[in-house]
Amino acid sequence: MKRISHFLTLALLTSTIAANAYTPPSEETDARQDARQVVDKLFDGMRNGDSTAVRSVFTKQCTLTSISKNVADSTVTQKSTVDGFVKAVGTPHKDKWDERIYDVKVSIDGPMAVVWAPYKFYLGEKFSHCGVNVFNLIKTGAGWKINDITDTRRKEACP
């Protein structure tokens, strides 16, 4: 009898955890769309030179990392602050910053989202570079916020 009681307790606990972990497909789709909209808002803000819109999509502790290769084919990692980036977006510049993403993939697990987005970056109409952006987002009381971005950058082998 004791064994059956333990089994039933375990079965009940397992089914409760599974039920709480389940996200209905419509909610999951909505969460993916919401996370994607945050990334789109970032790029719209960049194109418009709108530092307020750009600032609004980031957490306070957000980090930015770029990975590239130098002429000696060594990997170079460059870290920068969100504050510096936001300031640069809002500082008038001759050409529009136009980052175009495609083939975007969004994965969600509870309060965390990862957005994988290959991109091509243009200064005005002139192609500058390409790569992949990886955004890590956190679900906050105010909605999804970008907590860090890591990107690759290259001028060759761009699709």
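The values are calculated or read from the model by the stated rules, or taken from the named source; none is laboratory data. Because the structure is predicted, anything quoted here is derived from the model rather than measured. Glycine also receives a Cβ, built like all others from the backbone with ideal geometry; neighbour counts cover every protein chain displayed.
How many of the residues making up segment 128-159 are surrounded by 13 or more Cβ atoms within 10 Å (Cβ to Cβ) and under 16 Å from residue 102 (Cα atoms)?
Residues that pass the stated criteria total 11.
Which of the residues spanning segment 129-151 are of a type outside the set (Lys, Arg), more than 14 Å from residue 67 (Cβ to Cβ) and either touching a residue at least 24 places away in the same chain (Cβ under 8 Å) or touching a Lys or Arg at 6+ places or on another chain (Cβ under 6 Å) (or both)?
Passing the criteria: 135, 136, 137, 138, 140, 143, 144, 146, 147.
Restricting attention to segment 36-61, which residues are assigned to a strand (DSSP E or B) and out of contact with any strand residue (DSSP E or B) (no Cβ under 8 Å at 6 or more places or on another chain)?
Correct list: 60 only.
Collect the residues in segment 100-114 that are closer than 19 Å to residue 59 by Cβ and assigned to a strand (DSSP E or B), keeping them in residue-number order.
The answer is 106, 107, 108, 109, 112, 113, 114.
Check off (1) buried (at least 16 other Cβ atoms within 10 Å of the Cβ); (2) modelled with pLDDT under 95 for residue 93 and give me the number that stays unchecked.
(1)
Considering every residue within segment 35-53, establish whether at least one is touching an Asp or Glu at 6+ places or on another chain (Cβ under 9 Å), of a type in the set (Asp, Glu) and modelled with pLDDT of 95 or more.
Among the residues of segment 35-53, at least one is touching an Asp or Glu at 6+ places or on another chain (Cβ under 9 Å), of a type in the set (Asp, Glu) and modelled with pLDDT of 95 or more, which makes the answer yes.
Among (1) surrounded by 13 or more Cβ atoms within 10 Å (Cβ to Cβ); (2) at pLDDT below 95, which single condition is residue 73 missing?
(1)
One line per residue, one yes/no per condition, for (1) free of Cβ contacts under 8 Å to residues at least 12 places away in the same chain; (2) under 21 Å from residue 51 (Cα atoms); (3) more than 16 Å from the chain's Cα centre (by Cα); (4) not in a helix (DSSP H, G or I):
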site	(1), (2), (3), (4)
77	no, no, yes, yes
85	no, yes, no, no
95	no, yes, yes, yes
98	no, yes, yes, yes
116	no, no, no, yes
121	no, yes, yes, yes
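Could you tell me which numbered condition residue 100 fails, if it satisfies all but one of (1) surrounded by 15 or more Cβ atoms within 10 Å (Cβ to Cβ); (2) touching a Lys or Arg at 6+ places or on another chain (Cβ under 9 Å)?
Of everything listed in (1) surrounded by 15 or more Cβ atoms within 10 Å (Cβ to Cβ); (2) touching a Lys or Arg at 6+ places or on another chain (Cβ under 9 Å), residue 100 misses just condition (1).
Quick one: residue 64 ticks every box in (1) hydrophobic (A, V, I, L, M, F, W, C); (2) under 16 Å from the mean Cα position of the chain (by Cα); (3) in a loop (DSSP other than H, G, I, E, B) except a single one, so which number is it?
(3)
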